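Asker: Here it is, the structure, as structure tokens.
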Amino acid sequence: MTDDKIKTERREFLCATGKTLASLGVIAAGGSLFAQGAEEETQTKAAKVSASFPTEDYDWTKHRWAYGIDATRCIGCLRCVEACKAENDVIGDANHFRTWVERYVYLEGDEHARVDSHSDPQNIAASGSEAKYRFDNRYKDEKVSKAFFVPKMCNHCEHPACVQVCPVGATFKTEDGVVLIDHEYCIGCRYCVQACPYGARFFIEEKGVSDKCTWCYHRITKGLDPACVEVCPTGTRIFGDLNDPSSPVSEFIKNNPIQVLKPESGNAPMCFYVGLDKDVS
């Protein structure tokens, strides 16, 4: 039997088992038997991994990563989206993305903002391709009272709901606070996609697995910034180690009135914002 066939049969078995337990009410966010088992398995795997995981000489017990976004600086250039796609080999269309940018526009008299992103059909038409990312100029003849852009991505929560609902431990939280997906274990049940309150996950049909932002874990464990941070021309995106009080993100949090998205969810996101409007969620 080939390795691919073994993996396929294993995934089908785990998926069927997970869905059966879910239908019996065993999988429930927070206190489920299966979620607890997955968490214990993750902890066991972590305990077996050397301190150098995943990069030689990297000790994940000495870091606590966090992300900052200054929405007052974002110009909606979408270089971050392009860099993320290229760096992480994300499908080159407008519907699969690890990070995205939303545009919020208030016209005179509007009580609520009009919101769109690069996946909006009008923006796709303006760019001429799903593989190019631009905002159109639909408001050029309107009376705009307020407009701004908000970058979004996985929030790498302190208490991630996606980890709690994963029936096989494929989604897990690392010792340094980053939430990752082990595609070898993912069975494609999409419970994590449904559980995420931020819409930060997507499904790859061709591979049968979920995916999301990893804060470019392969880069940050080598001392580099995430690709989106590196290419941002306005300093909107800030990244760093909270264990280092002089890191960019530590300084950002210390010197600004920060906010987080959906604080009521209880996920305790580790992506901190400045300049959010009431309509941003």
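Values quoted throughout were computed directly from the atomic coordinates according to the rules given, and no laboratory measurement underlies them. Computed from a prediction, not measured in an experiment: that's the story for all the values here. Because the Cβ atoms are built from the backbone with ideal geometry, glycine has one as well, and the counts that use them run over all protein chains shown.
Asker: Could you list which residues have their amide H under 5 Å from that of TYR106, counting only those 5 or more apart in sequence or on another chain, with H placed in the peptide plane?
Answerer: The list, which skips near neighbours in sequence, is ARG114, SER145, LYS146, ALA147.
Asker: In this model, which of LYS212/LYS254; LYS173/LYS254; LYS62/LYS132; LYS62/LYS212 are farther than 30 Å apart at the alpha-carbon?
Answerer: LYS62/LYS132
Asker: Still on this structure: Using Cβ counts within 10 Å as a stand-in for footprinting exposure, how do THR174, THR72 rank, fewest first?
Answerer: Numbers: THR174 21, THR72 14.
With the fewest neighbours first, THR174, THR72 line up as THR72, THR174.
Asker: Can I ask one more? Amide H to amide H, which residues 5 or more places from GLY68 or on other chains are under 5 Å from it, using H placed in the peptide plane?
Answerer: The list, which skips near neighbours in sequence, is ILE238, PHE239, PHE272.
Asker: Kindly rank 239-248, 134-143, 92-101 from highest to lowest mean number of other beta carbons found within 10 Å of each residue.
Answerer: Sorting 239-248, 134-143, 92-101 by mean packing, highest first, produces 92-101, 239-248, 134-143.
Asker: Further, regarding this structure: What's the magnitude of the charge dipole for region 81-216 around its Cα centre, counting Lys and Arg as +1 and Asp and Glu as -1 at the beta-carbon? Answer in Debye, nearest 20.
Answerer: 180 debye
Asker: Moving on. Amide H to amide H under 5 Å from THR171: which residues, 5+ apart in sequence or cross-chain, H placed 1.01 Å off N in plane?
Answerer: Amide H to amide H, under 5 Å and 5 or more residues apart or across chains, THR171 pairs with ASP182.
Asker: Dipole of region 54-198 (Lys/Arg Cβ +1, Asp/Glu Cβ -1, origin at the Cα centre): which of TYR185, CYS84, ALA131 lies farthest to the positive side?
Answerer: Most positive-ward Cα: ALA131.
Asker: On full extension of the chain, what length is gained from SER281 through LEU224, given 0.36 nm per residue of separation minus the C-alpha to C-alpha distance?
Answerer: 17.6 nm
Asker: Going by how many other beta carbons lie within 10 Å of each one, how would you line up TRP65, TRP215, fewest first?
Answerer: Fewest-to-most Cβ neighbours within 10 Å comes out as TRP65, TRP215.
Asker: As a footprinting exposure proxy, order SER129, SER117 by other Cβ within 10 Å, with the fewest listed first. List each step's numbers first, then the result.
Answerer: Working: SER129 12, SER117 20.
Starting with the residue having the fewest Cβ neighbours, the order is SER129, SER117.
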